[in-house]
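The values are calculated or read from the model by the stated rules, or taken from the named source; none is laboratory data. Computed from a prediction, not measured in an experiment: that's the story for all the values here. All Cβ positions, glycine included, derive from the backbone under ideal geometry; neighbour counts span all protein chains shown. For accessibility, only protein heavy atoms count, side chains too; no ligands or nucleic acids. Shrake-Rupley method; radii C 1.70, N 1.55, O 1.52, S 1.80 Å.
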Amino acid sequence: MTPTMVEHSGLDIMCLNKYCHSSSSSSSSEHDKKIFTKLKLSLSGDYPRKNAEILSGQYGTNLLLIGAALMLAIAHHDPSVKEEHLLSFATCLMILQLIWMMWYILVRDRQKSTRTEKDVHATTCWIRGGLTLLALLSLIMDAFRIGYYVGYQSCVSAVLGVYPVIHATHTVAQVHFLWFHIKDVIKSFETFERFGVIHAVFTNLLLWCNGVMSEAEHFLNNHKRRLSALGYENLTIEHSEPDCNCTTSTCSMFSSSLYYLYPFNIEYHIFVSALLFVMWKNIGRTIDLSSNRKKLVTKTQGLTLGPILGLLALASTIGILVVYITHVEESLRMRQSAISMFYIYGIVMLVVMCFAGASGLLIYRANHMPLDTSKNPSRQLDTELLFGSSIGSWFMSWCSVVAVLSTSSSPPYRWTNLIYSLLIVLEKYVQNLFIIESLYRQQENGEREDPELPAAPEIFSVTSSLAPPYNGIINRAYETPDRTCVTMENEQEESGQVYRCPRKHSEVPLPVGTKVVEPPNIKRQILKNIAVLLIMCNISLWILPAFGCRPQYDNGLEQETFGFSIWTTVLNFAIPLNLFYRMHSVASLFEVFRRV
């Protein structure tokens, strides 16, 4: 007892000492160190991944800026920087991307035994099929470029012949990569793969910018020739033909045909860069199995009014295009009538699209379906691209509004230009809302799964769970009737294995071969017709500017207000974005059609 008492008294005396706080301070300092260590680990847990994202993003951005600097120097016609330098730079980037894709495919072949996670939302078969069609047209353009080089090979750089060959090889390899690997969620060599994917993204963006610049320069030169024929002076027309004679008789045909294929090549590269950006965002991502499913319906019953009106819009678009191109270079009166015809056609088209989009929004508001808030990089990118690409045509439309209200001249199409410009703004508002509302709506029960996913041969109930199924012996005598069936479904495309819930004896199985006839859903049929109509209308509004019907160059109102150089700069910025918006809207609306 005494030693214990002495020990306790000693401890008490020590606590009365002025250094008594040292023990508590040491324990608190250790506690602070532990907290700091935990905080440091929590802050640096994602550091390598975030660091790789930032570094790779800066790398890709600087690649694009180098190419943009070369393009600006070429546009200024600096004799020290020529087109061959830009094509050499783009060729090197394509070769590096080819090396990376070959390396990735070889690594994937060696890891066949390892199951790779896939994001089923990354793309669909019809998107890859559309990109394949655009790639085929790009290959035809490469063939024309090779034929053009063969005719002028005595006086042009060899880069003009090497570039289309590398571009064709790059196109074939990239389409193969998109078909078989674009859905992969990369979990190995993440930092290196992130640089490889972002290199591919910005290589395609640079090729898109090069195509846009070439096509805009060609159209601007044609516009200058038209103005010179009408009596305007002080316009410098740049001649891009080589300084020697063509050795074949097809050089002029190859040269003129290239610019009809540029729109398809431009759309190909911008769509590929968007898909590869989704792949870049998916690197290292943990896929949520419960949301990594797509339930889509491809029924086409009740499609009458939408396709009929859409085909009518497409046919009238072809007629407007032919009439406009043939009359815009004739006399002043014919030119004004062609421009007026375009604006009247555009007003009718935009009013129909606004009414269709607003009707779809009203149906969604009346349906009260909840929104899908699960993480989906592909859907988020669709939303951002719709908004970002709308800026170009909005800016062009507001410039036209300012020009119409401030100009002193009054051609016959002055006020139709004003109405058309305001409707462009309104139509994009309504269509963006309709597309985003459709993509973020949860799908109704009873829809079948995406055909890309493995289908079950029987009718069963599946609930997502991270717990593995029980593989041992189950005594079914002790099972309760309301027991939930915990299952796990493999969402990978390569495997068809699905865990099925046992049926209860009270359930009546459906006879094999019978077909359940669902009652027609009027709202769903109306939404499908609206989606088809908007698809056709957006294709029509893409065809017109893509193939030369651009009244913003020819009406003279904006050019009188802003000046020739400023207005052409605005158009060179806005028209490519508008073209991309229309084609991207077609892709998004087709997804809406499948989800309805």
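Note on segment 578-596 and segment 534-557: Cα centroid distance 17 Å, given to the nearest whole angstrom. Past the 32 Å Cα-Cα mark, which pairs from LYS281/LYS523; LYS183/LYS428; LYS428/LYS523; LYS82/LYS428; LYS82/LYS118; LYS82/LYS183? Result: LYS281/LYS523; LYS82/LYS428; LYS82/LYS118; LYS82/LYS183 exceed 32 Å.
For segment 169-232, the list of trypsin sites (Lys or Arg not before Pro) that fall in a loop by DSSP and count at most 11 other C-beta atoms within 10 angstrom is empty. Amide H to amide H, with H built 1.01 Å from N, ARG441 comes under 5 Å of ASP372, counting only residues 5 or more places away or on other chains.
The residues of segment 554-596 expose on average 30 square angstrom of accessible surface per residue, using a 1.4 Å probe on protein heavy atoms. Between THR171, PHE219, LEU207, the Cα set farthest toward the positive side of the dipole of segment 131-271 (charges on each charged residue's Cβ, about the Cα centre) is that of THR171. Note on ARG225/ARG115: beta-carbon distance plugged into 1/(1 + (r/R0)^6) with R0 of 56 Å gives a FRET efficiency of 0.40.
Nearest 0.05, what FRET efficiency do TYR59 and ALA358 give at R0 = 60 Å with Cβ-Cβ as r? Computed FRET efficiency for TYR59 and ALA358 comes out at 0.85. Ignoring any ligand, DNA or RNA, what whole percent of the accessible area of segment 126-236 comes from carbon and sulfur when the probe is 1.4 angstrom? Carbon and sulfur: 68 percent of the exposed surface of segment 126-236.
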